[in-house]
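Chemist: Got a structure here, written out as structure tokens. Questions coming.
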2 protein chains.
Amino acid sequence: MVTHPNASRRSESSRRAILTAALELVNEVGYAKLSIEGIAARAGVGKQTIYRWWPSKGTVLFEAFLMLNEGEDGEPAALPDTGDLEADLKTVLRATVEELNDPSYDEPMRALNTAITEDSVLAAAYAERLDGPMKEVKKQRLRSAQRAGQLAEDLDLDVAVDMVWGPVLNRWLQRAAPLTTDYADSVVTTALSGLRPRDPAS
Amino acid sequence: MVTHPNASRRSESSRRAILTAALELVNEVGYAKLSIEGIAARAGVGKQTIYRWWPSKGTVLFEAFLMLNEGEDGEPAALPDTGDLEADLKTVLRATVEELNDPSYDEPMRALNTAITEDSVLAAAYAERLDGPMKEVKKQRLRSAQRAGQLAEDLDLDVAVDMVWGPVLNRWLQRAAPLTTDYADSVVTTALSGLRPRDPAS
């Protein structure tokens, strides 16, 4: 046995304390002022304990997000599939808008975005472990609609996912305009129908 | 006369030196390590000269971007309008992709995005002075297409702009996947046609 069970349990509880402290602190002070020292103090551990596991504040924050997203079985939940694609996408995108507008999520998610914007290694980890699995779940829902003939046969599902979720994420990040559920509805309708007129007179 | 002409000229040349230094430095060290001290040293001015005009490194960087975007007449250029909307949008979006992939633009633009993500006052200035005028130019092109019957009559042009530019900006920021001109073409085609099948059998 390499690790004594008590040591392993202590280590797991330190890990959770550190990740929770990182989320709380970033919410209070923002990413620019988040520091390993601050996280250590809040979690009641030494700085070296954090540096043993993570090289930077960005990686701590990323791990904290992974912890938040861990389901019972470690898999992200499937999107609703009632057979009505437009209604299902509106349900999901409205929930995303509400989450992004929730002050307790807004700041940590901005921080994570800053971290991955600045660190390409972290961006790769994010793409693989957080964004990738979520994207797969979105594509599953679109694939089901495509099989039902509700989406174009030759549609690139990666582009389709970006088309539905990209505008909302971009508007949120740039704070270009208020992010409302009406906007979410409008994005879904417009993405599905396209910008061109439907049913031309010809 | 409030300001002596020589003083005014010196002041303008200091201002340009500071903004140029900010762009060069952020390119070399990234936004997290950009500092007012570093900008002052590079520009050959005192820290107080910078603080007299700008409250933070983010606002210096924003002003540097405004300087880059100033045309001869201070107006952003109109988008191409050959009458072929799809071709024109592909031309513009490919140019955007090439700019975002250019290392000398990539880092300063990431930094600006980080700055506006972290600072809601700066985000408002960005929306009003940089993003807003560019968005108006995009909407002008779409309005011309709408008048020509190439876009749906009831289309919300703000949503339409987000639909065409949002996915590219989002993919670039999140580094979710390589940003290619093929991707830009695909976004334009998909946005115009929509995700649903065209010409249904019915």
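The values are calculated or read from the model by the stated rules, or taken from the named source; none is laboratory data. This one's a predicted model, so the numbers in the text were calculated from it and none came from an experiment. As a convention, Cβ positions derive from the backbone with ideal geometry for all residues, glycine included, and neighbour counts pool all protein chains shown. Remember, those area values only see protein heavy atoms, side chains included, never the ligands or the DNA or RNA. Shrake-Rupley method; radii C 1.70, N 1.55, O 1.52, S 1.80 Å.
Chemist: Which value at 222 nm does chain B reach when only helices count, each DSSP H run of 4 or more adding -39,500 (n - 2.57), with the total divided by all residues and rounded to the nearest 500 deg cm²/dmol?
Modeler: Mean residue ellipticity at 222 nm (helix-derived): -22500 deg cm²/dmol.
Chemist: OK, next. Roughly how much of A:D162 is accessible, in Å² to the nearest 10, using a 1.4 Å probe?
Modeler: Looks like 20 Å² after rounding.
Chemist: Over chain A, what is the mean sequence separation of C-alpha contacts under 8 Å (at least six apart), divided by residue count, expressed as relative contact order in percent?
Modeler: Here the relative contact order equals 21 percent.
Chemist: For segment A:31-42, what does the Karplus curve 6.51 cos²θ - 1.76 cosθ + 1.60, with θ = phi - 60°, yield as ³J(HN,Hα) per residue in whole Hz, taken in order and with x for Gly and Pro?
Modeler: The phi angles translate into 5, 4, 9, 5, 9, 4, 4, x, 5, 4, 4, 5 Hz.
Chemist: Counting only heavy atoms of the protein chains, get the accessible area per residue of segment B:5-69 (1.4 Å probe) and round it to a whole Å² value.
Modeler: Here the residues of segment B:5-69 average 51 Å² of exposed surface.
Chemist: I've got another one for you. Rounding to the nearest 20 debye, state how big the charge dipole of chain A is about its Cα centre with +1 on each Lys and Arg Cβ and -1 on each Asp and Glu Cβ.
Modeler: Rounded to the nearest 20 debye, it is 720 debye.
Chemist: When the Cα centres of segment A:1-58 and segment B:79-114 are compared, how far apart do they sit, in Å?
Modeler: For segment A:1-58 versus segment B:79-114, the Cα centre distance is 40 Å.
Chemist: Sequence-distant or interchain residues sharing an amide H contact under 5 Å with A:L34, placed H: which?
Modeler: Counting only residues 5 or more places away or on other chains, the set is empty.
Chemist: Radius of gyration and Dmax for segment B:58-124's Cα atoms, expressed in Å?
Modeler: That works out to 14.5, 40 Å for Rg and Dmax.
Chemist: Could I ask something else about it? Ranked by accessible surface with a 1.4 Å probe, highest first, in what order do A:D158, B:D84, B:D106 come?
Modeler: Descending accessible area places them as B:D84, A:D158, B:D106.
Chemist: Compute accessible area for segment B:105-133 by itself and then with all protein chains, 1.4 Å probe, and report residues whose area falls by 10 Å² or more.
Modeler: Residues shielded by partner chains are B:R110, B:N113, B:T114, B:I116, B:T117, B:E118, B:S120, B:A123, B:Y126, B:A127, B:D131.
Chemist: Additional query: What are the extents of the Cα atoms of segment A:1-149 along their three principal axes, listed from largest to smallest and rounded to whole Å?
Modeler: 57, 41, 25
Chemist: I would also like to ask the following. Between copies, how far does the label point of A:T82 sit from its twins, in nm, shortest first, when each point is 7 Å from Cα along Cα→Cβ?
Modeler: 4.5
Chemist: What translational diffusion coefficient, in µm²/s and rounded to a whole number, does the Stokes-Einstein relation yield for segment A:5-69 at 25 °C and a viscosity of 0.890 mPa s, taking the hydrodynamic radius as the Kirkwood radius over Cα pairs?
Modeler: Working: Rh = 11.7 Å.
Approximately 211 µm²/s, per Stokes-Einstein.
Chemist: Place the label 7 angstrom along Cα→C-beta at A:D182 and in each other copy, then list the distances from the first to the rest in nm, shortest first.
Modeler: Label-point separations across copies, in nm and ascending: 4.1.
Chemist: Here's another thing I want to ask about it. Which whole number gives the average count of other chain Cβ atoms within 10 Å of the Cβ atoms across peptide A:149-159?
Modeler: Mean shielding count: 4.
Chemist: May I ask you to evaluate 6.51 cos²θ - 1.76 cosθ + 1.60, the Karplus curve with θ = phi - 60°, for each residue of segment B:105-119 and list the ³J(HN,Hα) values in order in whole Hz, giving x for glycine and proline?
Modeler: Result, rounded to whole Hz: 9, 3, 5, x, 6, 4, 4, 4, 5, 4, 4, 6, 5, 8, 10.
Chemist: Given a 10 angstrom Cα cut-off, can you work out which residue in A:L155, A:L89, A:L179 is the most mobile in a GNM of chain A?
Modeler: Of A:L155, A:L89, A:L179, the most mobile in the Gaussian network model is A:L155.
Chemist: Hey, what do the phi angles of segment B:124-131 turn into as Karplus ³J(HN,Hα) couplings, whole Hz, using 6.51/-1.76/1.60 and θ = phi - 60°, x for Gly and Pro?
Modeler: Result, ordered by residue: 5, 5, 4, 4, 7, 9, 10, 5 Hz.
Chemist: Taking only Cα atoms and a 10 Å spring cutoff, compute GNM fluctuations for chain A and point out the largest among A:N113, A:N170, A:N101.
Modeler: In the Gaussian network model the winner is A:N170.
Chemist: Let me ask something else about it. Please give the total accessible area that chains A and B bury against each other, computed with a 1.4 Å probe and expressed in Å² to the nearest 100.
Modeler: In total, chains A and B hide about 4300 Å² from solvent.
Chemist: Å³ per residue of the Cα convex hull, for segment A:111-182?
Modeler: In segment A:111-182, the Cα convex hull volume per residue is 114 Å³.
Chemist: Between copies, how far does the label point of A:A7 sit from its twins, in nm, shortest first, when each point is 7 Å from Cα along Cα→Cβ?
Modeler: 7.0
Chemist: Using a Gaussian network model on chain A with a 10 Å cutoff between Cα atoms, which of A:M134, A:M67, A:M109 fluctuates the most?
Modeler: A:M67
Chemist: What's the minimum Cβ distance from chain B to the axis relating it to A, in whole Å, and which residue gives it?
Modeler: Nearest residue, distance rounded to whole Å: B:G194, 1.
Chemist: On to the next question. May I ask you to list the trypsin sites (Lys or Arg not before Pro) in segment A:26-118 that are in a DSSP loop and have at most 11 other Cβ atoms within 10 Å of their Cβ?
Modeler: On the way: sites: A:K33, A:R42, A:K47, A:R52, A:K57, A:K90, A:R94, A:R110; in loops: A:K33.
Qualifying residues, ordered by number: A:K33.
Chemist: Work out Dmax and Rg for segment B:76-202 from the C-alpha atoms and quote the Rg first, both in angstrom.
Modeler: 15.7, 52
Chemist: Across the protein assembly as shown, how large is the tail of the calculated P(r) beyond 38 Å, expressed as a percent of all Cα pairs?
Modeler: On the way: 22907 of 81406 pairs.
Distances greater than 38 Å cover 28 percent of the Cα pairs.
Chemist: Could you check the simple spin-label distance between A:L66 and B:A127, using points 7 Å along Cα→Cβ, in nm with one decimal?
Modeler: For A:L66 paired with B:A127, the spin-label model returns 3.5 nm.
Chemist: On the first, second and third principal axes, largest extent first, how far apart are the outermost C-alpha atoms of segment A:142-202 in Å?
Modeler: 37, 30, 16
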